[in-house]
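This report concerns only the one structure given below.
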Amino acid sequence: MFKHILLILSLSVLSIFTAYSQHDESHENHGAKTEEHVEEKFNMGEMIMHHITDEHGWEFTHSLKLPLPVILISEGKLAVFSSARFDENKGVYNGFKLDHHHIYKVNEAGEVDHHTKVWDLSITKNVASLLLSTVILLSIFFAVAKGYTTNKGKAPKGIQSFFEPVIVFIKDEVVKPNVGPKYQRYLPYLLTLFFFILVNNLMGLLPGAANLTGNITVTLVLAFLTFIIVHFSANKHYWLHLVAPTGVPPVMYPLFWIIEFIGVLMKPASLCIRLFANITGGHIIILSLLGLIFVFKSFVIGAGVGVFTLFMSGIEIMVAFIQAFIFTLLTSMYIGSAIEEHHEADHGH
Amino acid sequence: MELLLPSPGLLLWQIVVFLSLFLILKKYAWKGIIGALQEREGEIDSALRMAEETRAEMAKLKADNEKLIAEARIERDKIIKEAKEAADRMLVEAKDKASSESAKILNDSREALKQERAAMIAQVKSDVAVLSIEIAEKVLRKELSDKKSQQSLVSELMSDAKLN
């Protein structure tokens with residue numbers, strides 16, 4: 001099973017090269033057809049941004065784009081159509097204009113109306129990837145859970161035995177020691193969190209895939225949920241520690257309130273930015289390395305970069321695991337510190 | 001900059017989808033998985049505890065057995081010792097009895113022999129007396145044909161009788 005996954009991952013890393021060579025080819029063909037004299041210049045920054053940001057429709061390579069539903073709410077009206085309509089009509093369709101991944105309302109003359117708010121609830125590339133990862137997670141863990149009912153009282157088998165050590169590791173090494181005796185209550189959420197981040201980190205490494213866990217919105221939601229869970233389960237010691245830290249003269253309290261307030265917000269903010277920056281950073285490094293091939297157009301550099309990219313991809317797979325682990329670990333620690341029972345005197349910071 | 005700005009559409013989808021994923025997994029997957037894992041942990045724990053208890057019981061049984069064997073050995077030694085003592089005592093008694101019996105028998109027979117001899121001697125004495133009287137009568141009858149010889153004989157007999 002593990003060998004299988006390794007094989008799939010290494011194949012996917014290899015296929016990045018193929019995907020990019022196609023990319024380049026179609027770029028050139030396109031350039032040759034429309035503007036015969038001006039050769040289209042390769043813009044690395046644009047290419048990287050295109051790959052790490054969200055988009056309407058899922059573009060695997062230049063000529064292969066999966067249209068996704070666009071869902072818009074504007075002036076109390078719902079509009080649903082395929083993202084292919086924008087591509088066919090140069091970004092303007094049905095009174096809406098798609099400009100740099102943002103959708104604006106346009107009037108009859110084709111002028112953008114910035115005053116009318118458009119709520120964009122489209123199934124973008126990231127949302128599609130989110131739904132796909134949900135389907136993957138559900139099928140994996142339904143299969144695992146089924147294994148426990150069919151192999152009841154027997155040794156685990158198949159997918160069940162592949163995931164069991166990971167589940168047990170998260171349960172016994174991450175959640176139990178950090179959350180404390182009441183860990184059972186938080187275990188389902190923390191397991192979901194770990195596998196959600198892990199699966200999406202790994203999916204993001206596949207060629208042509210979305211950069212879901214490297215999207216600030218997604219990491220913000222995950223960090224916000226951690227914040228909510230921590231503060232909704234926090235006990236009186238936690239709040240008392242924030243409001244009236246022991247060993248501090250009451251005159252100093254306002255200063256401590258400011259510090260504690262920043263601290264409380266910094267914890268989820270660091271979670272949010274750490275995951276976003278690690279995953280996006282990894283993608284930028286790999287894309288920049290591969291971009292070098294198209295900048296230099298040299299076999300020697302291409303080969304060197306290829307080897308280095310393979311190495312970086314290996315590191316990124318490791319980072320995918322480490323970041324999922326760290327997010328879960330820190331969330332466990334924050335919950336643990338909020339629900340911890342203090343038997344001895346607290347010495348403050 | 002676009003990278004750092006959250007988009008409301010994805011925000012909503014992420015919250016809805018992630019929370020639904022959590023609730024579905026919690027109800028249909030984690031509950032069963034965690035339950036089964038805990039059950040198995042409990043089973044392993046109880047099996048290990050049982051093995052430990054069995055081992056302790058075995059050790060206790062072994063100790064008991066050894067104690068029993070030791071006790072039996074002591075008992076056996078005691079019985080053997082007692083039997084030996086009894087046998088010795090009996091032997092000594094038998095010996096004593098036998099020696100006293102033999103002494104008695106010897107005594108009795110000695111006594112009987114004494115009496116027998118006394119009786120025999122008395123008998124012999126009387127027989128000798130009778131015989132000598134008869135001999136003397138016969139001799140006297142033959143010898144006492146003349147006076148002189150009678151006289152010498154008497155004196156000879158007298159001197160002999162004194163010797164007796």
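The values are calculated or read from the model by the stated rules, or taken from the named source; none is laboratory data. What you see is a predicted model; the values in this text were computed from it and never measured. Note that we place each Cβ from the backbone using ideal geometry, even for glycine, and neighbour counts take in every protein chain shown. Heavy atoms of the whole protein, side chains included, go into the accessibility calculation; ligands, DNA and RNA do not. Shrake-Rupley method; radii C 1.70, N 1.55, O 1.52, S 1.80 Å.
Here are a few things to note about the model shown:
- Complete set of residues in the stretch A:101-130 that are free of Cβ contacts under 8 Å to residues at least 24 places away in the same chain and open to solvent by 80 Å² or more (accessible area, probe 1.4 Å): A:102, A:108, A:109, A:111, A:114, A:115
- Answer residue from the stretch A:143-152, given it is at the interface with chain B (Cβ under 9 Å from one of its Cβ atoms) and open to solvent by 70 Å² or more (accessible area, probe 1.4 Å) and is nearest to the chain's Cα centre (by Cα) among those: A:146
- Filtering the stretch A:132-142 to residues that are loosely packed, with under 15 Cβ neighbours inside 10 Å and either at the interface with chain B (Cβ under 10 Å from one of its Cβ atoms) or modelled with pLDDT under 90 (or both) leaves only A:135.
- Restricting attention to the stretch A:67-89 and to residues that are free of Cβ contacts under 8 Å to residues at least 24 places away in the same chain and over 27 Å from the mean Cα position of the chain (by Cα), the residue that is surrounded by the fewest Cβ atoms within 10 Å (Cβ to Cβ) turns out to be A:76.
- Which listed residue is within 14 Å of chain B (Cβ to nearest Cβ), part of a helix (DSSP H, G or I) and among the small types (Gly, Ala, Ser), from A:263, A:281, A:314: A:281
- Check on residue A:155, at pLDDT below 90, open to solvent by 50 Å² or more (accessible area, probe 1.4 Å) and over 18 Å from residue B:29 (Cβ atoms): yes
- When residues of the stretch A:99-117 are limited to those that are more than 10 Å from chain B (Cβ to nearest Cβ), touching a strand residue (DSSP E or B) at 6+ places or on another chain (Cβ under 8 Å) and of a type in the set (A, V, I, L, M, F, W, C), the one farthest from residue A:80 (Cα to Cα): A:112
- Selection within the stretch A:158-187 - open to solvent by 60 Å² or more (accessible area, probe 1.4 Å) and among the charged types (D, E, K, R): A:173, A:176, A:182, A:185
- Some residue of the stretch B:45-62 being of a type outside the set (Val, Ile, Thr), surrounded by fewer than 10 Cβ atoms within 10 Å (Cβ to Cβ) and within 14 Å of chain A (Cβ to nearest Cβ): no
- In the stretch A:172-187, the residue that is nearest to residue A:316 (Cα to Cα) out of those that are not charged (D, E, K, R) and not in a helix (DSSP H, G or I) is A:186.
- Subset of the stretch A:211-227 (residues that are more than 9 Å from chain B (Cβ to nearest Cβ) and open to solvent by less than 10 Å² (accessible area, probe 1.4 Å)): A:211, A:213, A:219, A:223, A:226
- Residue under evaluation residue A:207, criteria (1) within 24 Å of residue A:319 (Cβ to Cβ); (2) within 13 Å of chain B (Cβ to nearest Cβ), criterion not met: (2)
- Looking across the stretch B:1-30, the residues that are within 9 Å of another protein chain (Cβ to nearest Cβ) and not in a helix (DSSP H, G or I) come down to B:5, B:6, B:7.
- Note on the stretch B:97-149: residues that are in a helix (DSSP H, G or I) and within 30 Å of residue B:161 (Cβ to Cβ) total 33.
- Tally, over the stretch B:120-158, of residues that are of a type in the set (Gly, Ala, Ser) and open to solvent by less than 60 Å² (accessible area, probe 1.4 Å): 6
- Condition check for residue B:33: closer than 30 Å to residue A:187 by Cα, open to solvent by less than 70 Å² (accessible area, probe 1.4 Å), among the aliphatic types (A, V, I, L, M) and in a helix (DSSP H, G or I): yes
- Any hit, the stretch A:188-199, residues being open to solvent by 10 Å² or more (accessible area, probe 1.4 Å), assigned to a helix (DSSP H, G or I), of a type in the set (A, V, I, L, M, F, W, C) and within 10 Å of chain B (Cβ to nearest Cβ): no
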